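What follows is one structure encoded as structure tokens, with my remarks underneath.
The values are calculated or read from the model by the stated rules, or taken from the named source; none is laboratory data. All values derive from a computational prediction rather than experimental measurement. Virtual Cβ from ideal backbone geometry, glycine too; neighbours counted across all protein chains shown. Accessible surface is based on the protein model in full, side chains and every heavy atom, while ligands, DNA and RNA are left aside. Shrake-Rupley method; radii C 1.70, N 1.55, O 1.52, S 1.80 Å.
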Amino acid sequence: MDFVIKTERLVLRPPLESDAKELFELMADDKLTQFLTWEPHTTLGTTLGVIQSLIGAQQDGKGYHWCVCLENHIVGLVSLIDVKRNIRTWVLNRAELSYWIGSNYQGRGFATEASKEVVKFGFDTLDFHKIIIAHAVENIASQRICHKLGFVPYAHEHDAFFKTNKWYDLIWYEHINNTDNGVD
Ligand SMILES: CC(C)(COP(=O)(O)OP(=O)(O)OC[C@H]1O[C@@H](n2cnc3c(N)ncnc32)[C@H](O)[C@@H]1OP(=O)(O)O)[C@@H](O)C(=O)NCCC(=O)NCCS
């Protein structure tokens, strides 16, 4: 399967071990991680380990990851994570969208442009029926992206995660592939 996606300004492609240095420079930034599940990276080895786990997840069909590249430089990462295809006899075919864009590249529409095409790829090529996403209530930029991409809010989860001395609420959204009737 060809995972390379081209958008108007960007090329999205799976991460490679050789991206470690470039990704480390972005992921070492403490301005990026306030609402993320990880802390700023402090060693190149941490970034390399993360890349290896992303590649492994992709090989196992558990998650799909794209480096967001602008003129051959990585500016962020967009992913479809936590893939769930079935629970016993139930068909789920769902994944969760996640994204970050390096601080120096934010505010230029890159997260919206990249995520829109990843959602489309998720529906059209990876055969997901539903894609979900959650953002912290305080994360207004992510809220804007969810609305612009057509995600529909379905739950307000209280005290969803604890980070830097505070419990955060999450707003959960879903996006359904209405062209997929579940029959192969
Ligand atoms: C959230 C994030 C990915 C947005 O990336 P981006 O490339 O700057 O996003 P875009 O430029 O595509 O769009 C951002 C939207 O949010 C708005 N926005 C950005 N910062 C904002 C802020 N502080 N307050 C209000 N709105 C804001 C922009 O105006 C834009 O909306 P508009 O098109 O209606 O004007 C980026 O800020 C980021 O990586 N944050 C840290 C990681 C993170 O929070 N990831 C999401 C976890 S759910």
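Here are some notes:
- Matching entry among Arg94, Arg108 (being on the phi < 0 side of the Ramachandran plot and in a strand (DSSP E or B)): Arg94
- Pairing residues of the stretch 88-111 that are among the acidic types (Asp, Glu) with residues that are open to solvent by less than 30 Å² (accessible area, probe 1.4 Å) and near the ligand (Cβ under 9 Å from one of its atoms), at Cβ distances under 9 Å and at least 6 apart in sequence or on separate chains, gives Glu96/Ile133; Glu96/Ala134.
- Qualifying positions in the stretch 89-120 - near the ligand (Cβ under 6 Å from one of its atoms) and of a type in the set (S, T, N, Q): Gln106, Thr112
- Qualifying positions in the stretch 3-26 - surrounded by fewer than 18 Cβ atoms within 10 Å (Cβ to Cβ), in a helix (DSSP H, G or I) and hydrophobic (A, V, I, L, M, F, W, C): none
- Scan of the stretch 61-84 for residues that are charged (D, E, K, R) and either buried (at least 18 other Cβ atoms within 10 Å of the Cβ) or within 15 Å of the ligand (Cβ to nearest atom) (or both), ordered by number: Asp82
- Residue among Thr33, Thr42, Thr37 that is loosely packed, with under 11 Cβ neighbours inside 10 Å and modelled with pLDDT of 95 or more: Thr37
- Consider the stretch 147-170 and keep the residues that are among the acidic types (Asp, Glu) and under 20 Å from the mean Cα position of the chain (by Cα). The one that is most open to solvent (accessible area, probe 1.4 Å) is Glu157.
- Residue that is farthest from the ligand (Cβ to nearest atom) [pool: residues in the stretch 121-136 that are of a type outside the set (A, V, I, L, M, F, W, C) and under 13 Å from the mean Cα position of the chain (by Cα)]: Gly122
- Of the set (1) part of a loop (DSSP other than H, G, I, E, B); (2) more than 14 Å from the ligand (Cβ to nearest atom); (3) without any contact (Cβ under 8 Å) to a residue 60 or more places away in the chain, all apply to His158 but (1).
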